[in-house]
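What follows is a short report on a single structure.
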Amino acid sequence: MAKVNVYSLKGDITEEIELPEIFEETYRPDVIKRAVISIQTARIQPWGANPMAGKRTTAKSMGSGRGAAMVPRINGSSKAAFVPQAIGGRKAHPPRVNTIYHEKINRKERILAIRSAIAATADKDLVSQRGHQISELDQIPFVVDDELETIKTTKETREIFKDLGIMDDIVRAKKGRKIKSGKGKLRGRKYRTPKGPLVVVGSDRGISLGARNHAGVDVVEVSNVNAELLAPGTHAGRLTIYTKSAIEKLGDLFQQNRS
């Protein structure tokens, strides 16, 4: 197993740890692309009402001649049911899903995609091909002490990112911010910002607050990491900063039965 250095928030080497076997996974861009598209299409897939919603009742109409509306009523009661105008009844015109956008993916494929995308974060060539600025980084993947998880202010994270050598990539993302074409800019989505570093932590104890104002930076707990965060736009090799506890937890996460 390969070994990497763990850096303090000042950029000094504090210790050396062994990378888990997940970083030796085979690079599979085809599977990564399928997993990312599955996430994206699930997000835009509209959902309709359950066809049986409001219809699960034994209510029957008592017929005419009783001086009351002939709506279905619950047995032994005068309470109406089933019809749209009744409380808890069906919808008169429920939303319908005419197009299926979601491209599903098998569980083992999804896990393989995450494993492959994590391994790609340790490949300098793939990281540089994505356009990330890594000239000041001594190693890829970059592992930082768990103290990073507790930083809660933008001012502190700015100084830490400078000391660690990843501020150049954040500046690149900020300068690459552009106004979108089309109507999206009229709907609260005016700018398109390139993706910068991804910070993977064992536990979010405030770092999401401290890093959220930096252009292109995303923070995620290691248990919630997915293919889209690791490979935005289906392109693997995102510059990723791991905390020590995140690296340790990766050894037990995303295990795949290969039998």
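Any chance region 25-38 includes a residue that's in a loop (DSSP other than H, G, I, E, B), closer than 24 Å to residue 255 by Cα and among the basic types (Lys, Arg)?
yes
What are the residues in region 180-214 that are aliphatic (A, V, I, L, M) and at pLDDT below 95, if any?
Result: 186, single match.
Are there any pairs with C-beta distances below 8 angstrom linking a residue in region 5-32 that is over 20 Å from residue 123 (Cβ atoms) and in contact (Cβ under 8 Å) with a residue 24 or more places away in the chain to a residue that is of a type in the set (Gly, Ala, Ser) and in a loop (DSSP other than H, G, I, E, B), with the two at least 6 apart or on different chains, and if so which?
Sorted first by the residue in region 5-32, then by its partner, the pairs are 11/165; 14/8.
Might you check whether a residue that is assigned to a loop (DSSP other than H, G, I, E, B), under 31 Å from the mean Cα position of the chain (by Cα), under 19 Å from residue 117 (Cβ atoms) and of a type outside the set (A, V, I, L, M) occurs anywhere in region 3-20?
The answer is yes; a qualifying residue exists.
In this structure, does residue 18 turn out to be among the acidic types (Asp, Glu) and buried (at least 18 other Cβ atoms within 10 Å of the Cβ)?
no
Please list, ordered by residue number, the strands (runs of 3 or more DSSP E) wholly in region 197-256 having 3 or more residues that are touching a residue at least 40 places away in the same chain (Cβ under 8 Å).
Result: 198-201, 240-243.
Is it the case, given these coordinates, that residue 220 is modelled with pLDDT of 95 or more, surrounded by fewer than 22 Cβ atoms within 10 Å (Cβ to Cβ), of a type in the set (A, V, I, L, M, F, W, C) and under 19 Å from residue 157 (Cα atoms)?
For residue 220, the condition - modelled with pLDDT of 95 or more, surrounded by fewer than 22 Cβ atoms within 10 Å (Cβ to Cβ), of a type in the set (A, V, I, L, M, F, W, C) and under 19 Å from residue 157 (Cα atoms) - is met.
Filter region 223-258 for residues that are surrounded by fewer than 23 Cβ atoms within 10 Å (Cβ to Cβ) and hydroxyl-bearing (Ser, Thr, Tyr); which is farthest from the chain's Cα centre (by Cα)?
Within region 223-258, the match that is farthest from the chain's Cα centre (by Cα) is 245.
Going through region 183-213 one residue at a time, which ones are more than 18 Å from residue 164 (Cβ to Cβ) and either hydrophobic (A, V, I, L, M, F, W, C) or in contact with a Phe, Trp or Tyr (Cβ under 9 Å, 6 or more places away or on another chain) (or both)?
185, 186, 209
Would it be correct to say that residue 105 is of a type outside the set (Asp, Glu) and within 35 Å of the chain's Cα centre (by Cα)?
Yes.
If I ask for residues that are in contact with a helix residue (DSSP H, G or I) (Cβ under 6 Å, 6 or more places away or on another chain), within 24 Å of residue 13 (Cβ to Cβ), part of a helix (DSSP H, G or I) and polar (S, T, N, Q), which ones from region 110-163 would you list?
Once the filter is applied, which keeps residues that are in contact with a helix residue (DSSP H, G or I) (Cβ under 6 Å, 6 or more places away or on another chain), within 24 Å of residue 13 (Cβ to Cβ), part of a helix (DSSP H, G or I) and polar (S, T, N, Q), region 110-163 yields only 157.
The values are calculated or read from the model by the stated rules, or taken from the named source; none is laboratory data. Given the structure is predicted, the values throughout are model-derived calculations rather than measurements. So basically every Cβ, Gly included, is an ideal-geometry build from the backbone, and we count neighbours across all protein chains shown.
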